[in-house]
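Here the structure comes first, spelled out in structure tokens, and everything after it is commentary.
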Amino acid sequence: MRRIALLALAAVLVCTAAGAQKRAAARKKAVARTTAVAATPKLSNAEWGKKWFTEERYEKALPYLLKAVDEGDLDSKVRLAYMIFTAQVPEYSIDQQQAMGMLDECIDSGSVYALERKGFCIIAMSPDTKADKLKGIDLLKQASDKGSGDASAELFNAYRDGLRSYASGEYYIEPNDSTATAYALMAAQQGNQEGMAYVGLYTYMGTHGLERDTVQGVKYLEEALGMSERFFTTNCLEPAKALAGYYNENGNAAKGARLMALLKKYHPTEF
């Protein structure tokens, strides 16, 4: 009997210990979850709006941008104006006059971002006249001079490819390689991803007036890739192909394969 009692007591102790371990593990998980939640940065309405806007998820961006505009955030007002101008918001009708008015209000308040977005909108979607297109270029130059890397990158594209009439094909701005490269360098210095990518490409290849330096060129390319893999592979086709080729030729087949997979995904007709 005593032996049976001892065995029963031992079983109870084992069960109690196991239960205690489970409770301790559960407490540990709860603490970990609480710590993780506490460590997650709380984003403002403006920051959430920017996040979804940057990812081109405009319907998710809209409610945050509206709140941020009410809170007086200029950049959010610029983003909302751009969405209205380009018909990205189903809740709003296309009202380019309203959007331009909002951008002008932000420009009057000192927003360089508004200068850049207004210039871009005019070039991309305004009436197809030389006066309008050159007005857009002038706004981009003002924004570039004030430090906008996006504006400098847009000027790089305008001078690299030329700016012409959709209808007649007349060049409003002739392609100019030296001016385009100068704007690419400026965009890179201002932290713009596209500028960094093309400066990397030109340095890697030793073209467009830049001295060949494969090490520095790859450094620029990888820095551009690190800013946004998706943007790099969708908007910087030639730099991305060059970096993938470098990886494949220098023992980094896995990295090369990943880049090529993304390029084939975003540019299916190129491969």
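Observations, loosely collected:
- Looking only at the range 137-174, and only at residues there that are touching a residue at least 40 places away in the same chain (Cβ under 8 Å) and acidic (D, E), the one that is nearest to D108 (Cα to Cα): D150
- Residue match in the range 247-255 (condition: buried (at least 23 other Cβ atoms within 10 Å of the Cβ), not in a loop (DSSP other than H, G, I, E, B) and not small (G, A, S)): no
- Cβ-Cβ contacts under 9 Å between residues 6 or more apart (or on different chains), taken from a first residue in the range 227-249 that is over 21 Å from A187 (Cα atoms) to a second residue that is of a type in the set (S, T, N, Q) and in a helix (DSSP H, G or I), are listed as Y246/T214.
- Within the span defined as the range 48-71, one or more residues are among the acidic types (D, E), at pLDDT 95 or above, closer than 29 Å to Q97 by Cβ and part of a helix (DSSP H, G or I).
- Filter pass, V89 being without any contact (Cβ under 8 Å) to a residue 40 or more places away in the chain and in contact with a Phe, Trp or Tyr (Cβ under 9 Å, 6 or more places away or on another chain): yes
- Looking only at the range 172-201, and only at residues there that are over 23 Å from T234 (Cα atoms) and in contact with a Leu (Cβ under 7 Å, 6 or more places away or on another chain), the one that is surrounded by the most Cβ atoms within 10 Å (Cβ to Cβ): Y172
- Selection from the range 147-163 of residues that are surrounded by 21 or more Cβ atoms within 10 Å (Cβ to Cβ) and either on the phi > 0 side of the Ramachandran plot or part of a helix (DSSP H, G or I) (or both): G149, D150, A151, S152, A153, E154, L155, F156, A158, Y159
Table: residues versus (1) under 28 Å from R230 (Cα atoms); (2) small (G, A, S).
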| site | (1), (2) |
| --- | --- |
| P63 | yes, no |
| L66 | yes, no |
| D73 | yes, no |
| L80 | yes, no |
| Q97 | no, no |
| M102 | no, no |
| C106 | no, no |
| G110 | no, yes |
| Y113 | yes, no |
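- Odd one out for K141 among (1) assigned to a helix (DSSP H, G or I); (2) within 20 Å of the chain's Cα centre (by Cα): (2)
- For the range 77-125, a tally of residues being touching a Cys at 6+ places or on another chain (Cβ under 9 Å) and in a loop (DSSP other than H, G, I, E, B) returns 1.
- Enumeration of residues in the range 256-271 that are out of contact with any Ser or Thr (no Cβ under 6 Å at 6 or more places or on another chain) and either aromatic (F, W, Y) or not in a helix (DSSP H, G or I) (or both): H267, F271
- Condition check for L262: among the aliphatic types (A, V, I, L, M) and surrounded by 22 or more Cβ atoms within 10 Å (Cβ to Cβ): no
- In this structure, Y64 does not satisfy being under 26 Å from L43 (Cα atoms), out of contact with any Gly (no Cβ under 8 Å at 6 or more places or on another chain), surrounded by 16 or more Cβ atoms within 10 Å (Cβ to Cβ) and in contact (Cβ under 8 Å) with a residue 12 or more places away in the chain.
The values are calculated or read from the model by the stated rules, or taken from the named source; none is laboratory data. Here the structure is a predicted model, which is why all the values come from computation and not from measurement. As a convention, Cβ positions derive from the backbone with ideal geometry for all residues, glycine included, and neighbour counts pool all protein chains shown.
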